[in-house]
1. Under 6 Å between Cβ atoms, which residue pairs at least 6 apart in sequence (or on different chains) link something in the stretch 30-51 that is closer than 14 Å to SER98 by Cβ and in contact (Cβ under 8 Å) with a residue 12 or more places away in the chain with a partner that is of a type in the set (Val, Ile, Thr) and assigned to a loop (DSSP other than H, G, I, E, B)?
2. Among the residues of the stretch 47-57, are any at pLDDT 90 or above, closer than 15 Å to ILE110 by Cα, of a type outside the set (S, T, N, Q) and under 11 Å from the mean Cα position of the chain (by Cα)?
3. Looking only at the stretch 61-114, which residues are of a type in the set (Phe, Trp, Tyr) and surrounded by 15 or more Cβ atoms within 10 Å (Cβ to Cβ)?
4. Just the residues that are modelled with pLDDT of 85 or more, among the acidic types (Asp, Glu) and either over 14 Å from THR34 (Cα atoms) or part of a strand (DSSP E or B) (or both), please, taken from the stretch 65-111.
Amino acid sequence: MSKTFRCALLACIALTACATDALARASQWHFKVTNATESKIVKLQVSLDGKEWGDFDIGSGIRPDETSTLVWDSSTDDDPCEQWLRAKFSDGSYSKPSKQDFCTDLDSPIEFSE
C-alpha cells in the first residue's frame, strides 16, 4: 500500500468520523439559554407540572452575557415537549418559571433577564 493511498484512506476515515459525530449531535434534543442578567445562573430546573422540579446539568453554570447550548439526556426522549423552566442565580434568587416548548425553535435562545 503506497504512502499516498494510506494518507487518503486515513483522511476518508477521519471525515466519516467527523460527519457521524455531527449527525449524532444534530439529532439530539437541545435548547439554548442566554443569561442576560448580571448574576451567574448556577442551576436550571425543569418541571412537568410547575410544582416538582428536577435539576438540569449545566456544569459550572452560565455566566452573565453567555449563551449555552444544553442537550437533553436520552432518558427524557418520551417526555412531553412543553415543560416549565426556571433558573437559580448565584445570589440565591430564582427566575419566574416559564412554560417552554422544547420541540420547536431549538436554535432561538431562551433568555433569562432581570
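The values are calculated or read from the model by the stated rules, or taken from the named source; none is laboratory data. These figures come from a predicted structure and were not determined experimentally. Note that each Cβ is placed from the backbone with ideal geometry, even for glycine, and that neighbours are counted across all protein chains shown.
1. LEU44/ILE58
2. No, because not a single residue in the stretch 47-57 is at pLDDT 90 or above, closer than 15 Å to ILE110 by Cα, of a type outside the set (S, T, N, Q) and under 11 Å from the mean Cα position of the chain (by Cα).
3. TRP72, TRP84, PHE89, PHE102, PHE112 - these are the residues of the stretch 61-114 that are of a type in the set (Phe, Trp, Tyr) and surrounded by 15 or more Cβ atoms within 10 Å (Cβ to Cβ).
4. GLU82, ASP91, ASP101, GLU111
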